[in-house]
Amino acid sequence: MLLVRCPWCGDRDEAEFRYGGQADVDYPADPHQLDDATWGEYLFVRANPSGSFDERWVHTAGCRRWFSVVRDTATNEMRPDIPRRRESR
Amino acid sequence: MVADGNTPAPPERLWRNPEPKRNYDVVIVGAGGHGLATAYYLARNHGITDIAVVERGWLAGGNMARNTTIIRSNYLLDASAALYDHALRLWEELHEELDYEFHFSQRGVLNLAHTEQEVRDARRRAFANELNGVDAEWVTPDEISEICPILNTSNLRYPVLGATYQRRAGIAKHDLVAWGLARKCDEMGVDFIQNREVTGFVTDGDRVIGVRTDNGDIGAGRVGLAAAGRTTLLTDTLGIRLPLQSHPLQAMATEILEPVHPCVVMSNHVHVYTSQAHKGELVLGAGIDTHNGYTQRGSVHVIENQLAAAVELFPVFARAHLLRTWAGTVDVTPDASPIIGPTPYENLFVNCGWGTGGFKATPGAGWVFAHTLATGEPHPLNEPYGMERFTSGALIDEHGAAAVAH
């Protein structure tokens, strides 16, 4: 079981969270301008690295807030620093 | 291996371990079930035997060694039913063809329905199966009790309201499948290159002309990727972006028990699937761990959930000791269907995205991927499975029939 650090509640078991996949995937500013390939890529394609990965979690059984962490997908090591923005969402 | 008296003793050597040549007509990345079956049908159906299958670990030591050995073809959509039932028909003749007993046992699969909506969905799937020539029937709780007496249908938080039943479904001994395929491929001249990791590709413009490995390049007329969870690590090196996410998928086995479990049982709703191996272990699995990961290790709470479901459905399991758990790395697509076909790079083809259900498709996947590699064009059965469906929107949405949370 992963130990996930919620920025508001601290270290908690993974079972308290739901996973949100890759972080910082923005909704396109003007979807109508996108061709099918770009729209399909926005919908379906995400990074899938073996190594450092910025990802989203939501503390469903706790404060119910979303946040980002950096996790190494090859070792499950999670860095406590919260990357970039969105902490407050 | 002979301890149970049921499994044949393997011959001393089933395949050579040759030094790779400089060039091959076809290089297949990954000596798992799909890579082996692809090599087999390339040789058998297309007369192409100048093949290297390159494997970073040992032959069939990845997901092929980690699956729950279930074989079935009761998928909802036409494209899926056609592909998986083609595989099942091949399973039915494969052991004789390979002259290798791998304990293919058509003991039937029950897919349980626990809610009214599941009943509607399951019956729809059974009707769709019938229309597609796939054997399927709807069975009531009483009939389920006759098929699988140890299954608890009524005294449950989510009572069993019925099930689809596919009699031709079953299990096979996965390691023996791999060894039988490898032996036959080796006889036909296929080279298995183990303990050599493919790290990228040799390219000439937008053509792939070989693979890079951790111990030198190997030239290739065509390259087929059958690397499962590690597919995107390779395609990333060419800037090809595939809609795949790699997740841990756990399975587990108990100690060896007397035969108690006569068929395969799967439940989407309480989420567990079980069968009993020939040797006697209860084999159990469920869905993926939600997070991406290459660790080949999942989280304990996933095991807890599926064991809770298993013990509720099968009260007799409560006293069984769990002997071991393990995880593979599976590559999951957004529509729970695989990607089989060409890539933007000439001579590079992918067979990936099988998610949690690749084992059952092994011969079928090998058949169509061999055709694709031999001719450069998809076989009619894998034509709908190109990566362009994620642009066109013609998805093959099989989350229901995949029977596992993706």
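The values are calculated or read from the model by the stated rules, or taken from the named source; none is laboratory data. All figures in this text were calculated on a predicted structure; none of them were measured in a lab. Don't worry about glycine lacking a Cβ; one is built from the backbone with ideal geometry, like all the others, and counts go over all protein chains shown.
Some points to look at:
- Here B:E93 clears all of (1) closer than 29 Å to B:K184 by Cβ; (2) charged (D, E, K, R); (3) in contact (Cβ under 8 Å) with a residue 24 or more places away in the chain except the condition numbered (3).
- B:T38 vs. criteria surrounded by 17 or more Cβ atoms within 10 Å (Cβ to Cβ), within 29 Å of B:Q296 (Cα to Cα) and touching a helix residue (DSSP H, G or I) at 6+ places or on another chain (Cβ under 7 Å): yes
- B:L98 being touching a Lys or Arg at 6+ places or on another chain (Cβ under 7 Å), aliphatic (A, V, I, L, M) and more than 25 Å from B:T329 (Cβ to Cβ): yes
- Candidate set from the range B:308-341 (those that are touching a strand residue (DSSP E or B) at 6+ places or on another chain (Cβ under 8 Å) and surrounded by fewer than 19 Cβ atoms within 10 Å (Cβ to Cβ)); member that is nearest to the other protein chains (Cβ to nearest Cβ): B:T325
Conditions (1) out of contact with any strand residue (DSSP E or B) (no Cβ under 6 Å at 6 or more places or on another chain); (2) surrounded by fewer than 17 Cβ atoms within 10 Å (Cβ to Cβ); (3) closer than 28 Å to B:A327 by Cα; (4) within 14 Å of chain A (Cβ to nearest Cβ), marked per residue:
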{"residue": "B:E187", "(1), (2), (3), (4)": "yes, yes, no, no"}
{"residue": "B:A220", "(1), (2), (3), (4)": "no, no, no, no"}
{"residue": "B:V223", "(1), (2), (3), (4)": "no, no, yes, no"}
{"residue": "B:T231", "(1), (2), (3), (4)": "no, no, yes, yes"}
{"residue": "B:T235", "(1), (2), (3), (4)": "yes, no, yes, yes"}
{"residue": "B:L244", "(1), (2), (3), (4)": "no, no, yes, yes"}
{"residue": "B:T254", "(1), (2), (3), (4)": "no, no, yes, no"}
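- Here B:A327 qualifies as of a type outside the set (V, I, T) and part of a strand (DSSP E or B).
- Meets criteria (more than 10 Å from chain B (Cβ to nearest Cβ) and either within 29 Å of B:S392 (Cα to Cα) or of a type in the set (F, W, Y) (or both)) for A:F44: no
- Number of positions in the range B:291-305 that are touching a His at 6+ places or on another chain (Cβ under 9 Å) and within 7 Å of chain A (Cβ to nearest Cβ): 4
Residues are listed down the side, and each one gets a yes or a no for (1) in contact with a strand residue (DSSP E or B) (Cβ under 7 Å, 6 or more places away or on another chain); (2) assigned to a helix (DSSP H, G or I); (3) at pLDDT 95 or above:
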residue: B:L42; (1), (2), (3): yes, yes, yes
residue: B:N45; (1), (2), (3): no, yes, yes
residue: B:I48; (1), (2), (3): yes, no, yes
residue: B:N74; (1), (2), (3): yes, no, yes
residue: B:S80; (1), (2), (3): no, yes, yes
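- The condition of being farther than 14 Å from B:H399 by Cα and more than 12 Å from the chain's Cα centre (by Cα) holds for only one of B:P363, B:P342, B:P334, that being B:P342.
- Residue check: B:Q296 meets all listed conditions (1) of a type outside the set (S, T, Y); (2) surrounded by fewer than 16 Cβ atoms within 10 Å (Cβ to Cβ); (3) at positive phi but one, namely (2).
- Count of residues meeting criterion [within 19 Å of the chain's Cα centre (by Cα) and in a loop (DSSP other than H, G, I, E, B)] in the range B:264-277: 3
- Being touching a residue at least 12 places away in the same chain (Cβ under 8 Å) and either surrounded by fewer than 16 Cβ atoms within 10 Å (Cβ to Cβ) or within 14 Å of chain A (Cβ to nearest Cβ) (or both) holds for only one residue in B:G400, B:G376, and it is B:G376.
- Selection status of B:H103, under 19 Å from the mean Cα position of the chain (by Cα), surrounded by 19 or more Cβ atoms within 10 Å (Cβ to Cβ) and over 27 Å from B:L225 (Cβ atoms): yes
- Residues considered: B:A227, B:A286. Of these, the only one that is crowded, with 23+ Cβ neighbours inside 10 Å, modelled with pLDDT of 95 or more and at negative phi is B:A227.
- In the range B:264-276, the residues that are over 30 Å from A:L43 (Cβ atoms), crowded, with 22+ Cβ neighbours inside 10 Å and not polar (S, T, N, Q): B:V264, B:V265, B:V272
- Filtering B:T115, B:T49 for residues that are of a type in the set (S, T, N, Q) and farther than 27 Å from B:M188 by Cβ leaves a single hit, B:T115.
- Evaluation of A:D24 against (1) assigned to a loop (DSSP other than H, G, I, E, B); (2) modelled with pLDDT of 95 or more; (3) more than 8 Å from chain B (Cβ to nearest Cβ) (one fails), failing number: (2)
- Some residue of the range B:343-355 being in contact with a strand residue (DSSP E or B) (Cβ under 6 Å, 6 or more places away or on another chain), buried (at least 24 other Cβ atoms within 10 Å of the Cβ) and hydroxyl-bearing (S, T, Y): no
- Count of the range B:233-263 residues which are touching a residue at least 40 places away in the same chain (Cβ under 8 Å), under 30 Å from B:D206 (Cβ atoms) and not in a strand (DSSP E or B): 7
- Listed by position, the helices (runs of 4 or more DSSP H) inside the range B:85-189 whose residues that are basic (K, R) number at least 3 are B:116-131.
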